[in-house]
Each structure stands twice: as structure tokens, then as C-alpha cells.
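**Student:** I have a structure I would like to understand better, so I am pasting it below and will then ask my questions one at a time.
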């Protein structure tokens with residue numbers, strides 16, 4: 001008996017959660033030397049096509065799916081969303097990074113790099129906290145306690161996560177350029193110079209996401 005297979009193809013990163021994205025990237029890394037497996041994983045995680053159905057697709061359907069995915073896979077131009085909603089609560093991005101609580105700053109900078117990996121949900125829980133007061137585009141958020149739950153951010157769409165990440169890409173690049181212009185390299189403590197350069201390089205590479213290589 002012939003079965004009808006309904007395929008839902010995401011049209012933008014708003015349709016993909018962080019949990020789904022991390023699972024995909026983890027599987028792609030495990031099969032980085034197997035091109036056929038990589039394609040199957042892309043279709044499994046993004047389109048929910050189980051492996052047993054993949055070989056039954058016609059070449060035309062297969063090529064169409066790849067074309068549709070490649071149409072949105074490079075997240076260019078995604079901007080920071082300062083206010084987001086998770087469940088019934090509104091969360092605001094840290095409104096003044098120059099006055100961020102020391103505890104929040106320390107908890108973010110203890111990671112070796114700022115990129116979308118297993119630590120990213122925790123970083124987002126530091127940057128986005130529940131709004132306590134709001135007036136137009138202005139708002140206050142809850143004080144940082146160090147006990148903010150990160151799990152809710154696993155279900156937040158990649159549209160929001162990429163916006164926050166690329167905000168830091170630009171901020172890091174501008175900060176590094178500004179420091180290099182105002183100070184000689186040898187005047188910077190080696191530890192600070194190393195952190196800035198490493199984070200800048202890592203975040204700059206985030207523009208070319210590994211996921212884009214699998215649809216070429």
C-alpha cells in the first residue's frame with residue numbers, strides 16, 4: 001500500500017528552536033566525513049523526514065527540498081530583538097551593557113568563546129531577563145541573581161538566537177578595532193588581548209555557519 005508523506009519545510013529560522021539546532025549540529029559533527037549521512041540529518045532535523053522514507057523520495061523532490069532549505073539557511077541580516085516573549089512573560093535584553101552587573105559579566109566571560117553551542121542557552125538567560133517595568137521602548141529587567149533558568153531558551157527560535165549572536169559579532173569587532181586604534185598592542189595585558197582576539201575570531205567565523213556547507 002502506498003503511503004502519503006507530508007513534509008513540512010521550515011521557511012526561516014523562526015521555525016527552528018535552539019534545541020533542534022543544537023541536536024542537528026551535534027549529529028553533523030559526528031558524521032562530518034559522511035556526506036550522505038549529513039544530508040539525511042539535515043532532512044531529519046529540519047523537515048522531520050525519517051531515514052526510512054528518505055530513499056523513497058524522487059530525485060525531483062529531493063532536489064526541491066535542498067533548494068528550499070538553502071533559500072533561508074544563511075542567516076544574513078538578522079537583527080537583535082530587544083524584547084522577546086517566552087510563554088506568558090516578556091523578557092528584555094540587557095538594556096545597558098556598560099552597566100551590566102559584575103556577576104553577569106563574570107558568568108559570561110568564564111566561557112572560552114561566545115558562540116551557539118551547549119553553553120549558549122545559559123548566556124541567553126543572563127542577557128535576557130524578565131521585564132519588570134515597561135514604557136514604550138524603555139524597560140527594566142529583573143536583577144541578575146546567577147540562578148536564572150536556561151531551559152526555556154532551548155525552545156526559543158533561532159531567529160532570536162542569531163540576532164543576539166550577531167549583535168556580539170559586531171560589538172566584538174568594533175571593540176577590538178577601537179582598542180587597537182587607541183592603544184598599542186603591547187599596552188594591553190596579554191590576557192585581555194588574547195580573550196578579545198579569540199572571541200572576535202570565533203564570532204566572526206559564526207557568519208559562515210557549518211550548516212551552510214551541507215546544502216552546496
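The values are calculated or read from the model by the stated rules, or taken from the named source; none is laboratory data. Since the structure is predicted, the reported quantities are computational estimates derived from the model, not experimental observations. So basically every Cβ, Gly included, is an ideal-geometry build from the backbone, and we count neighbours across all protein chains shown.
**Student:** How do the helices (runs of 4 or more DSSP H) wholly within region 19-115 filter down when requiring 1 or more residues that are closer than 30 Å to residue 146 by Cβ, at pLDDT below 85 and within 17 Å of the chain's Cα centre (by Cα): which remain?
**Tutor:** 102-109
**Student:** Then there is this: Residue check, residue 172 against (1) buried (at least 19 other Cβ atoms within 10 Å of the Cβ); (2) closer than 17 Å to residue 22 by Cα; (3) modelled with pLDDT under 95, all met but one. Which one?
**Tutor:** (2)
**Student:** State yes or no: is residue 130 assigned to a strand (DSSP E or B) and more than 21 Å from residue 20 (Cβ to Cβ)?
**Tutor:** So residue 130 passes the test.
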